[in-house]
Amino acid sequence: MKKIMLCVFILTTSLVKAQSIVDSISDPSFILRDTVSEKLAEFAVNNYQIMMQKSRVNEMQYEVKKSKAAWLNNIAVTGNLNEANLKSSNTGGQNVFFPRYNFGLTLPLGTFFTKSNDTKIAKEKYNQEVYNLKGQLELLKKAIKVEYQNYLSNKYYIALHESVIQDEKVLLSVVETKFSKNEVSLDAYTQSSKRYNDALIKKVELLKNLNTSKLELEGLLGMKLEEALVRMVSNN
């Protein structure tokens, strides 16, 4: 009798706990969206793909600078000394040819057109990489928010299901006691045991979903979720 009363007490406690969670979720003001996912999305910059794209943007920026200076490679400098002036200098004579030194710069006219277009092409490629970076960043932030919703939902599923497990465990204990006294049939005992085992199997599935969503979220963040949450608090 005492064991049955204890089981009933535990069952009542678990029901109250479950009802508390249900009441919380059924409250009209209850929403899954919160500030956590918004702040976690800011860690998208730590994603390896984003970092690679940033490196690509920097590379294209260097290409633009390189293209702007490339026209200097086409300048040819020529120079010579007037032979007669050189001889007159050696003999002490006067300089009769001007200029004494001859210098020249050679720059193909096509350079102004081709190099200008090359620079424009380099700038366009740079702009494309910048737009690509912005697009990837926005998509990643959205993915982080969505995955955090999955993670949060799975946590609620487990919290709710835990009360179901406790209920089935208490009920099974009661049935076991009654079965030992031949107060219930074998079928009743078997059905109660099956419901409890099914609840445990469901818990394993929910835990797998929770762990999977956590791994997916961490992959998007580029760091452990715990580390991100600590940084998030530190930045406030």
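The values are calculated or read from the model by the stated rules, or taken from the named source; none is laboratory data. Note that the coordinates shown come from a computational prediction; the quantities given were computed from them, not determined experimentally. Heads up, the Cβs are rebuilt from the backbone with ideal geometry, glycines too, and the neighbour counts pull from every protein chain shown. Ligands, DNA and RNA are stripped out before the accessible areas are found, and what is left, the full protein with its side chains, is counted by its heavy atoms. Shrake-Rupley method; radii C 1.70, N 1.55, O 1.52, S 1.80 Å.
Here the extension length gained between ASP27 and TYR48 equals 3.6 nm, from 0.36 nm per residue of separation less the Cα-Cα distance. The figure for PHE30 is an accessible area of roughly 50 square angstrom, using a 1.4 Å probe on the protein chains alone. Dipole size of the range 129-212 about its Cα centre, with +1 on Lys/Arg Cβ and -1 on Asp/Glu Cβ: approximately 200 debye, rounded to the nearest 20.
Using the structure shown, select from LYS65/LYS145; LYS181/LYS208; LYS54/LYS120; LYS65/LYS142; LYS39/LYS65 the pairs with a Cα to Cα distance greater than 32 angstrom. In this structure, LYS65/LYS145; LYS181/LYS208; LYS65/LYS142; LYS39/LYS65 exceed 32 Å between Cα atoms. Working ranking of peptides 49-62, 209-222 by packing, defined as the average number of other Cβ atoms within 10 Å per residue, highest first, is 209-222, 49-62.
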